[in-house]
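Novice: Below: one structure in structure tokens.
The values are calculated or read from the model by the stated rules, or taken from the named source; none is laboratory data. None of the values given here were measured: they were computed from a predicted structure. Reconstructed Cβ throughout: ideal geometry from the backbone, glycine too, with neighbour counts over all protein chains shown.
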Amino acid sequence: MAEASAGHATIIQDWASDVTTFKGVPWGKAMMWIFLLSDTFIFSIFLTSYMTVRATTAEPWPNASEVFSLMAFGHSVPLLLIAIMTFDLITSSGTMALAVNYGYRRDKRKAIFFICATAFFGAVFVGMQMFEWYKLISEGVRPWGNPWGAAQFGSCFFMITGFHGLHVSAGVVYLLIIAYRLHKGVYDKTNFEIVEIVGLYWHFVDLVWVFIFAFFYLW
Amino acid sequence: MASEVGQQHPLTLYFWIWGLLFVVSAASYATDYMEAGYLRWFLILAFMLIKAGYIVAIFMHLKYERWALIYALLLPPLVILILVYLMATEADYTWLTRVVYFGDDPYPARGPMPGAH
Amino acid sequence: MAQAEIPYQESMELHHPHSWVTKYWYSQDHKVIAIQYGITAMAVGLVALVLSWIMRMQIGFPETGAAWGITPDIYYQSITMHGMIMVIYLLTAFLLGSFGNYLIPLMLGARDMVFPFVNMISYHVYLLSVIVLLLGYVLPGGPTGAGWTLYPPQAILSGTPGVDWGIITMLGSLAIFIVAFTMGGLNYVTTILQARTRGMTLMRMPLSVWGIFAATVLGLLAFPALFVSAVMMLLDKLIHTSFFMPAIASAFDAAATQYDGGSPLLFQHLFWFFGHPEVYIVALPAFGVVSDLLSVHARKNIFGYRMMVWAIVAIGVLSFIVWAHHMYVAGMHPYFGFFFATTTLIIAVPTAIKVYNWTITLWRANIKFTVPMLFAISFVITFVVGGLTGLFLGNVIVDVPLSDTYFVVAHFHMVMGVSPILVIFGGIYHWYPKITGRMLNDTIGKWHFWVTAIGTYLIYFPMHYLGFVGTPRRYYDNVLASGGESAFYPESAALLNAGISITAFVVGAFQFLFIYNLVVSYWRGREAGPNPWGATSLEWRTPQTPPIHGNWGDQLPTVHRWAYDFSVPGEKEDFIPQDVPRQA
């Protein structure tokens with residue numbers, strides 16, 4: 001593939017050719033990429049709306065660093081849970097990358113193992129997010145208000161993390177379905193590109209979290 | 001599909017990137033201990049872009065795809081940057097009108113905010 | 001690598017139906033799905049037509065309307081549902097769901113969409129969205145009457161009709177529609193990019209496919225904004241968040257829900273960030289289809305094919321940075337007017353290129369005045385008139401006095417209401433022989449055309465005048481509103497409104513004649529043969545008419561030329577289909 005991707009001259013060749021524009025890209029993978037582009041717009045617009053309401057409100061914005069701190073070893077550690085969730089999601093991304101790699105090596109057993117590992121870390125992430133929601137709700141944060149300042153803090157938090165959490169949950173289900181179908185031999189006649197397709201989705205979920213972490217928790 | 005299609009890379013590549021993402025995430029987390037200011041915002045954005053870049057380029061294999069696909073995927077989101085810029089300007093203006101018509105700046109000493117009020 | 005991919009397409013595994021249900025309901029054939037989309041969109045379009053009669057009755061004859069039981073609530077619900085149904089559930093669904101589904105695989109020489117199962121689900125979800133939308137009529141309070149733009153805060157404040165359930169079904173239905181569109185749209189884009197036949201390069205695609213392709217890409221990138229704003233407004237309505245609801249919305253009513261510091265302007269920006277591309281989601285497929293109609297029925301190649309393609313692409317890109325020209329009087333940042341007026345006027349350049357090219361295509365051509373051609377020509381005329389008023393409204397200074405008057409109503413109905421509808425009619429007359437194997441009745445078709453083309457002109461052209469004299473849009477009773485004696489606009493306005501209403505009733509009634517034609521010609525129409533118009537694109541080259549599931553025989557066709565080889569000098573026939581090899 002190295003020489004295939006070399007050189008900008010291939011852009012014109014590819015777009016001017018017949019049959020396929022994205023050479024060597026299976027239908028499912030092309031469709032997943034285009035879907036992810038569309039989904040990028042959804043999350044971008046969620047985050048843009050968050051930026052707008054945060055910059056518009058005349059109320060003080062709660063300090064995320066303090067709101068999301070946890071008590072550990074007798075100290076209040078800011079963003080502790082969020083940091084663990086971040087590392088958990090990166091770990092799942094790593095196992096997913098391994099699953100894709102083993103898929104293309106046609107090592108079905110290892111591919112299934114790493115897909116299941118990814119699903120496990122994803123489920124752990126959702127669990128931690130539920131804990132985080134529970135903690136905030138018990139502290140009085142609601143979508144329509146909170147004790148520390150602008151009402152939009154809670155609205156944006158629940159909406160954005162909720163939508164991301166839905167994506168993670170759907171991803172876990174998707175991963176498990178693919179693992180099961182791999183196991184049943186549904187994809188034996190193919191190149192196992194399905195593992196890369198589900199991998200693209202999973203990495204995208206991680207990618208979105210990178211932006212949420214930076215803009216919502218750190219900013 | 002043809003059997004040469006696919007992404008074959010040595011496993012060590014993934015372990016390197018994996019480790020790197022951990023380091024950058026840790027650095028990103030460390031910015032939370034910094035004083036608020038332009039340096040911190042710059043670092044947050046820089047670490048965010050580094051992480052996003054490695055995930056997209058290596059884990060999602062975009063770096064190894066042909067340029068036709070790379071451009072098709074990376075150019076459309078530029079539209080979002082225009083939306084973000086204009087909405088930041090707009091939000092700034094809305095905030096200003098609120099302060100002008102509904103009262104004083106509630107926190108005059110807060111320093112520059114995103115969009116620099 | 002391309003060589004390796006073709007056998008895969010040729011042997012694509014197709015789902016084979018076994019019963020009536022699997023053939024017409026759980027069908028994965030893109031042609032059946034296209035017809036399902038078309039029938040549903042037309043049915044819901046007829047609902048919108050009846051709604052327009054209700055509102056025209058009230059505008060033209062306020063006293064009779066009120067006496068017949070048209071209350072302000074019914075009036076506002078009618079304009080809201082009419083607008084939303086026409087824009088989303090009829091035009092978008094018909095041009096992309098029906099034309100897109102039918103034409104893309106046939107014109108590209110593919111067996112089907114790349115993921116037929118997803119395509120099937122797309123239609124079922126679309127049907128669900130229509131049902132949810134119409135549910136507003138049976139739930140307490142009726143459908144929402146917030147105007148099709150659904151601006152908060154008024155859309156979810158008490159006093160607006162349908163605030164109990166109507167707004168919820170409306171927003172929910174939009175979200176469901178977007179899911180359906182995404183499933184279909186991903187299929188269209190992937191099919192166009194990855195499943196063309198041998199020799200079919202992008203620059204040999206018929207312009208219909210180009211228009212549908214660009215519109216689908218716009219849809220995939222613009223509908224997210226509508227989706228997000230629908231989600232946020234649902235949250236505002238259901239659990240009282242304050243994304244869009246400012247504190248002032250609850251300031252004067254102690255019993256009202258407490259809202260706190262949201263930004264209604266944000267909704268307007270998001271809505272139009274979707275809404276402006278939406279205009280081109282409707283217009284671009286119409287541009288594409290009309291280019292093909294003009295070329296085929298004028299027996300001449302389309303003038304400036306490459307320019308046409310680049311104009312479509314340029315319009316698509318620019319449509320994302322013009323949105324706030326809908327908001328000049330909304331109280332946004334004062335500097336925005338300059339930026340958005342500039343981009344809006346720039347978008348007129350590629351659009352004008354297309355109009356010139358259509359005109360030059362007709363220049364000294366062997367024009368056949370068939371029914372599709374009549375519709376195509378009337379599209380060009382209507383589009384020019386509607387487009388020119390767009391230049392007026394794109395300028396801030398001119399827009400400010402014209403905002404919210406009938407001038408705006410005239411503009412958008414001509415440019416994105418009537419124009420695409422004319423193309424849809426033209427397209428149906430053009431492709432009906434391929435879909436059913438029979439021609440539509442020509443006499444009825446000509447009656448339908450002349451009444452529709454002249455009638456719509458009589459309806460919308462006088463509205464420009466109404467706008468200039470200051471008739472506001474969306475008023476339940478203009479006479480009452482002006483103090484009972486037509487105090488702030490002349491008597492002629494009321495007279496014109498009555499005339500417009502009568503024309504609207506007649507033109508609307510003639511659409512049922514069209515439906516009659518569709519139904520009767522299915523059994524009684526003249527046998528069409530495989531290529532009645534002498535067209536060149538691949539859909540006319542299928543081995544069977546109507547094409548069977550899988551479209552082609554054992555082998556996919558091979559394309560050797562563009563789709564516009566008409567009247568080539570020195571050739572026997574005046575058209576050369578795309579799959580005819582070139583002489584050495």
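Novice: Which is within 22 Å of B:Tyr14 (Cα to Cα), hydroxyl-bearing (Ser, Thr, Tyr) and either in the same structural domain as B:Phe22 (by TED's automatic domain parsing) or at pLDDT below 95 (or both), of B:Tyr64, B:Tyr101, B:Tyr71, B:Tyr93? Quick ask: steps written out before the conclusion?
Specialist: Values: B:Tyr101 fails: within 22 Å of B:Tyr14 (Cα to Cα); B:Tyr71 fails: within 22 Å of B:Tyr14 (Cα to Cα); B:Tyr93 fails: within 22 Å of B:Tyr14 (Cα to Cα).
Testing whether each residue is within 22 Å of B:Tyr14 (Cα to Cα), hydroxyl-bearing (Ser, Thr, Tyr) and either in the same structural domain as B:Phe22 (by TED's automatic domain parsing) or at pLDDT below 95 (or both) leaves just B:Tyr64.
Novice: So, A:Ser76, is that one of a type in the set (Ser, Thr, Tyr) and more than 10 Å from every other protein chain (Cβ to nearest Cβ) or not?
Specialist: Here the answer is yes, as A:Ser76 does meet what is asked.
Novice: Condition first: modelled with pLDDT under 90, outside any helix (DSSP H, G or I) and among the polar types (S, T, N, Q). Can you find one or more residues in the range B:8-29 that meet it?
Specialist: Within the range B:8-29, one or more residues are modelled with pLDDT under 90, outside any helix (DSSP H, G or I) and among the polar types (S, T, N, Q).
Novice: Evaluate the following for A:Ala72: is it at pLDDT below 90, surrounded by fewer than 17 Cβ atoms within 10 Å (Cβ to Cβ) and more than 25 Å from A:Leu182 (Cβ to Cβ)?
Specialist: Here the answer is yes, as A:Ala72 does meet what is asked.
Novice: For the range C:128-147, how many residues are closer than 17 Å to C:Phe271 by Cβ and surrounded by fewer than 19 Cβ atoms within 10 Å (Cβ to Cβ)?
Specialist: Residues in the range C:128-147 being closer than 17 Å to C:Phe271 by Cβ and surrounded by fewer than 19 Cβ atoms within 10 Å (Cβ to Cβ): 1 in total.
Novice: Step by step: first the residues of the range C:194-230, then only those that are over 27 Å from C:Ile6 (Cβ atoms) and more than 7 Å from chain A (Cβ to nearest Cβ), then the one that is nearest to the chain's Cα centre (by Cα). Which residue is that?
Specialist: Checked the range C:194-230; the qualifying residue nearest to the chain's Cα centre (by Cα) is C:Ala215.
Novice: Give the number of residues within the range C:214-270 that are in a helix (DSSP H, G or I) and among the aromatic types (Phe, Trp, Tyr).
Specialist: 3
Novice: Could you check A:Thr48 against (1) more than 9 Å from chain B (Cβ to nearest Cβ); (2) crowded, with 17+ Cβ neighbours inside 10 Å and say which number it fails?
Specialist: In the conditions (1) more than 9 Å from chain B (Cβ to nearest Cβ); (2) crowded, with 17+ Cβ neighbours inside 10 Å, A:Thr48 misses (1) alone.
Novice: Shifting gears a bit: For C:Ile85, state whether it is among the aliphatic types (A, V, I, L, M), at pLDDT below 95 and crowded, with 21+ Cβ neighbours inside 10 Å.
Specialist: no
Novice: Another question, then. Let me spell it out: the conditions are (1) modelled with pLDDT under 90; (2) part of a helix (DSSP H, G or I), and C:Met12 meets all of them except one. Which number is the exception?
Specialist: (2)
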